[in-house]
Amino acid sequence: MTKIIPLDPVPAPPREADTGANRDPLSGEVGAHPVGVGIGAAAGGMAFGAAVGTVAGPLGMAVGALVGAVAGGLAGKGVAEAIDPTAEDAYWRANYASRAYATPRDSYDDWGPAYAYGVAHYNRNASKNFEDVEGELERGWEEARGQSSMEWTRARLAAFDAWERVRSTEDMRL
């Protein structure tokens with residue numbers, strides 16, 4: 001009698017070995033973008049719900065919000081998937097030392113959080129210029145910086161660099 005062994009997909013690495021690959025919390029697949037999905041769902045739900053609500057009343061608004069949330073969530077996921085924070089981290093880790101503002105004594109541990117901060121805020125504010133959200137970024141840096149010793153005046157350079165890289169990469173895809 002021959003024993004049949006089913007073929008299973010390659011299992012996700014254990015959480016302690018996770019390298020920040022944005023794994024989906026339910027499936028374990030790489031590339032989860034809950035922020036992009038959430039922002040898209042909220043924006044789509046509000047817009048579509050308001051549009052339907054003006055024609056069909058409160059019940060139409062509720063149904064419109066649900067339909068808009070699903071469509072917006074899918075659109076938000078698409079935008080977020082276009083920008084891979086893991087790939088951006090790898091790029092900046094390999095290239096930060098070549099930037100004019102980095103000194104030989106700087107480590108990526110100091111610059112990395114600023115690059116990640118710029119990428120994350122671009123994902124949330126893609127329709128705006130860096131200067132439009134710079135005040136918000138500056139106010140949030142103390143909390144976002146983690147173990148980085150960078151003050152905002154230096155971290156701003158890396159955040160701006162990351163923002164511009166993601167923006168130009170996105171522009172090339174369009």
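What the table below lists for this structure:
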read-out	value
Hits in the range 132-155 - residues which are closer than 20 Å to Ile83 by Cβ and of a type outside the set (A, V, I, L, M)	Asp132, Glu134, Glu136, Gly140
Sole residue being at pLDDT 95 or above and small (Gly, Ala, Ser), chosen from Ala116, Ala71, Ala87, Ala82	Ala116
Candidate set: the range 116-174, residues that are without any contact (Cβ under 8 Å) to a residue 12 or more places away in the chain and basic (Lys, Arg); chosen: the one surrounded by the fewest Cβ atoms within 10 Å (Cβ to Cβ)	Arg139
Number of positions in the range 101-115 that are in contact (Cβ under 8 Å) with a residue 40 or more places away in the chain and farther than 16 Å from Thr86 by Cα	2
Filtered residue count, the range 132-174, keeping only those that are at pLDDT below 95 and among the β-branched types (Val, Ile, Thr)	2
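The values are calculated or read from the model by the stated rules, or taken from the named source; none is laboratory data. Note that the structure is a prediction, hence the values are computed from the model and not measured. Every residue, glycine as well, gets a Cβ built from its backbone with ideal geometry; the counts of neighbours run over all protein chains shown.
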